[in-house]
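The values are calculated or read from the model by the stated rules, or taken from the named source; none is laboratory data. Since the model is a prediction, treat every value here as computed from it, not as a measurement. In this analysis, Cβ positions are derived from the backbone assuming ideal geometry, glycine residues included, and neighbour counts consider all displayed protein chains. Accessible surface areas use protein heavy atoms only, side chains included; no ligands, DNA or RNA. Shrake-Rupley method; radii C 1.70, N 1.55, O 1.52, S 1.80 Å.
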Amino acid sequence: KKKITKVLTVEASGIAFATAVALELKVPMVFAKKHPSANVSGEQYFSPVYSFTHKTTYDIAVSKDYLTKDDCVLIADDFLANGNALKGLIDIVDQAGAKLVGCVAEVEKGFQGGGDELRRKGLQVESLAIVESMDKGKITFRKQ
């Protein structure tokens with residue numbers, strides 16, 4: 001089993017959780033940008049991500065300076081719903097030739113199926129809490 005060398009997330013809401021994970025692991029945190037930026041130069045990895053919340057597709061990007069084939073990457077995000085953000089980040093890890101160690105989420109919306117789909121593909125996906133259902137103000141958590 002390889003040691004995690006980077007934690008990867010998407011801006012902006014994932015940054016706080018990913019930073020906490022990276023600090024605990026004592027490794028750098030890298031975030032994918034959702035929009036072009038003047039302060040990012042050089043070659044980048046890109047992946048399209050559909051946002052269920054905003055009903056739009058955007059390209060996430062990571063500078064090739066920050067992710068290499070020598071990295072072992074843990075993907076972290078605040079919410080895991082349909083899994084589209086994680087799939088985009090996994091694509092970027094693959095483009096870099098890095099090793100994906102697994103994915104971690106603060107809260108998983110189990111009723112949207114993204115985490116279970118990734119698990120069926122053989123990926124290790126861990127969540128601090130999995131919401132199984134939300135019905136008439138009642139939240140039911142999955143027993144883990």
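Size descriptors for region 1-121 (Cα atoms only): Rg and Dmax, in that order, 13.5, 40 Å.
Against the chain, whose longest principal axis is taken from its Cα atoms, helix 15-25 shows a tilt of about 80°. Between the amide H of I60 and those of S47, V49, distances stay under 5 Å, these residues lying 5 or more places away or on another chain, with hydrogens modeled in the peptide plane. Note on the chain: with a GNM built from Cα contacts shorter than 10 Å, the maximum mean-square fluctuation among A61, A20, A105 falls on A20. In this structure the amide hydrogen of Q44, modeled in the peptide plane, comes within under 5 Å of the amide hydrogens of K64, none closer than 5 places in sequence on its chain.
Solvent exposure of the chain amounts to 58 Å² per residue of accessible area, where only protein heavy atoms count and the probe is 1.4 Å. Could you please report the charge total around V62, scoring K, R as +1 and D, E as -1 over all other residues with beta-carbon less than 13 angstrom from its beta-carbon? Summing Lys and Arg as +1 and Asp and Glu as -1 gives -3. Put a dot 7 Å past the Cα of T140, heading toward its Cβ, do the same for R120, and the two dots end up 2.0 nm apart. Choose one answer from K55, K64, K99: the residue with the largest mean-square fluctuation in a GNM of the chain with alpha-carbon springs under 10 Å. For the chain, modelled as a Gaussian network with Cα springs under 10 Å, the answer is K55. About its Cα centre, the chain has a charge dipole of approximately 340 debye under the convention of +1 per Lys or Arg Cβ and -1 per Asp or Glu Cβ, with nothing else charged. Taking region 78-99 and a reference point 7 angstrom along Cα→Cβ of E43, the backbone N atoms nearer than 18 Å belong to 91-99. Each residue of region 114-127 is assigned a 3J(HN,Hα), and the resulting list reads x, x, 5, 4, 5, 5, 4, 7, x, 7, 7, 10, 10, 10 Hz, derived from the Karplus form 6.51 cos²θ - 1.76 cosθ + 1.60 (θ = phi - 60°), x at Gly and Pro.
Within region 104-131, list the residues whose amide N lies under 20 Å from a label point set 7 Å along Cα→Cβ of D91. In region 104-131, the label zone of D91 (backbone N under 20 Å from the point 7 Å along Cα→Cβ) covers 104, 113-124.
Please give the peptides 107-114, 72-79 ranked by average Cβ packing (other Cβ atoms within 10 Å per residue), highest first, as a rough proxy for protection. Walk me through the numbers before you get to the answer.
On the way: 107-114: 19.1, 72-79: 23.0.
Answer by packing, highest mean first, reads 72-79, 107-114.
Relative to the dominant Cα principal axis of the chain, helix 84-96 is inclined by about 30°. Hey, with R₀ at 22 Å, roughly what FRET efficiency would E11 and E132 work out to, going by the Cβ-Cβ distance, to 0.05? In this case the efficiency is close to 0.15.
Amide H contacts of A81 (H built 1.01 Å from N, in plane; Pro and chain starts excluded): K109 sit under 5 Å, all sequence-distant by 5 or more or on other chains.
For Q112 and K3 in the same chain, what is the full-extension length gain: residue separation times 0.36 nm, less their Cα-Cα distance, in nm?
Values: separation 109, 0.36 × 109 = 39.24 nm, distance 3.09 nm.
Contour length minus the Cα-Cα distance gives 36.2 nm.
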